[in-house]
Amino acid sequence: MTAMKMRLLHEILPRVERPSRYLGGELNTVHKSAEAVDLRICLFFPDLYELGLGNLGLQILYAALNRLDWVWAERCYSPAPDMEALLRQHNLPLFLYESKDPLSAADLIGFSLQSELTYTNVLNALDLAGIPLRADARDDTHPLVCAGGPAAFNPEPMAPFMDFFVIGDGEDAVLEIAAALRPVRHAPRLEKLKAVAAIEGVYVPAFYPMETLADGSIVPPVDGPKIRKRIVADLDAAPFPENYIVPFTQLVHDGAALEVLRGCTHGCRFCHAGMVTRPVRERSLERIDAMIQRTLENTGLENISLVSLSTCDYSRSRRLVRMAAERAHRVNASVALPSLRLDSFSVELADMIAGVRRSGLTFAPEAATPRLRAVINKFIADKDLIAMACEAYRRGWEHVKTYFMIGLPTETDEDVRAIADLCKRTLEAGRRVSRRAAIRT
């Protein structure tokens, strides 16, 4: 046991509020010998453990990389304020969860950028690890630092701090990056960057000098090579974590998430994910069934979520939901659907996975006036929303939860007040169907 691991286990973890966040020995985690591998990679989710462990993308990359016997992929999450304060007080660096080695022991640190709100967490993590914030300040002794995920589609705000970005789907790209870095592990930094720059979907900011125009605009060279996003064409062949990491503590989203399709055709104008994850691709029923069975067997988890941007749009959604419910109920597990499409068909699907007690369904109208819904390209009439809610109450659901967005383009005070009015009218109609009807917004 290293001296740093001893200090963490005996001096630091007993003094933090939730030490289970940092143990790194959860069921299905992977532990290898650092001396026995050719490459060490840190997968970093820049938010608290309770949010990060349930991130499906990180679980996928963790499983895919660790299937290679010459790679050890470890994890790290943003520490809570109490842990950060203790690390700084004791002059200890941020660490890899599995080995408890310093973050700088990795050859590559990959950040998952889910939103712009985590940018400062990324910089704080680098500072805690003792790694220079700016890419041009790092030398051959520092690990490469990269980023991927939804927010990486607009990389420039973080370009000064990243050695490279991965644009698009990561399952294949991350394996190619590992293979490219393996033979140049001990080479100069520039050689490593050249190796990954040759991979489709990888953007190395240092190789794209910017030009400042007369009006002050900063633009890339017109003749620079284009970066094309990576697309996994066949989801059935893509790696998936059947040995889901089982947490020591309760997460924000408990259970295992199984991606049934990727992409969306609805074209809602506010939806970043619906645009950047195109085209639509589905997993086969046979593959999903096998994934559900092995995930439940290997984890003991009691909840499976069939996730996508619009699970109701799966081409054989009735068979999918029925099959998942039958498979899960055999081991007393439950199946959940994410936010449902605004129609009676969604309520029918929810019925298939409901238990004896029906609590609530979630729908996302996003805007409360027909005008604003037209602006965002989400067409549904008020009467259809009310009819859908009444159908849910009629089938025994106790409450309906609705999601609305504030701050959409062209929004007026009238659009905001309409949220309360639409919910009130929906509840009044629902109470005529069931006295127990409730609505949450």
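The figures follow:
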item: Val222, sole failed condition from (1) outside any helix (DSSP H, G or I); (2) touching a residue at least 12 places away in the same chain (Cβ under 8 Å); result: (2)
item: Boolean, Gln114 is at pLDDT 95 or above and closer than 25 Å to Ile304 by Cβ; result: yes
item: Candidate set from segment 418-436 (those that are of a type in the set (Val, Ile, Thr) and out of contact with any Lys or Arg (no Cβ under 7 Å at 6 or more places or on another chain)); member that is surrounded by the fewest Cβ atoms within 10 Å (Cβ to Cβ); result: Ile419
item: Candidates Ser99, Ser104 - the one that is among the polar types (S, T, N, Q) and not in a loop (DSSP other than H, G, I, E, B); result: Ser104
item: Checking Gly54 against (1) surrounded by fewer than 21 Cβ atoms within 10 Å (Cβ to Cβ); (2) of a type outside the set (Asp, Glu); (3) closer than 27 Å to Asn124 by Cα, the condition it does not meet; result: (1)
item: Spans of helices (runs of 4 or more DSSP H) in segment 1-85 with at least 1 residues of a type in the set (Gly, Ala, Ser) and farther than 26 Å from Met158 by Cα; result: 3-7, 56-66
item: Candidate set from segment 107-146 (those that are of a type in the set (D, E, K, R) and assigned to a loop (DSSP other than H, G, I, E, B)); member that is surrounded by the fewest Cβ atoms within 10 Å (Cβ to Cβ); result: Asp139
item: Residue match in segment 235-243 (condition: crowded, with 16+ Cβ neighbours inside 10 Å, more than 20 Å from Asn55 (Cα to Cα) and not assigned by TED's automatic domain parsing to the domain that holds Glu26); result: no
item: Sole exception among (1) under 30 Å from Asn377 (Cα atoms); (2) at pLDDT below 95; (3) in a loop (DSSP other than H, G, I, E, B) for Val232, by number; result: (2)
item: Qualifying positions in segment 340-380 - more than 26 Å from Ala290 (Cβ to Cβ), assigned to a loop (DSSP other than H, G, I, E, B) and modelled with pLDDT under 90; result: Arg341, Leu342, Asp343, Val356, Arg357, Arg358, Ser359, Lys378, Phe379, Ile380
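The values are calculated or read from the model by the stated rules, or taken from the named source; none is laboratory data. It should be emphasised that the depicted structure is a prediction, and the values quoted were computed from it without experimental measurement. As a convention, Cβ positions derive from the backbone with ideal geometry for all residues, glycine included, and neighbour counts pool all protein chains shown.
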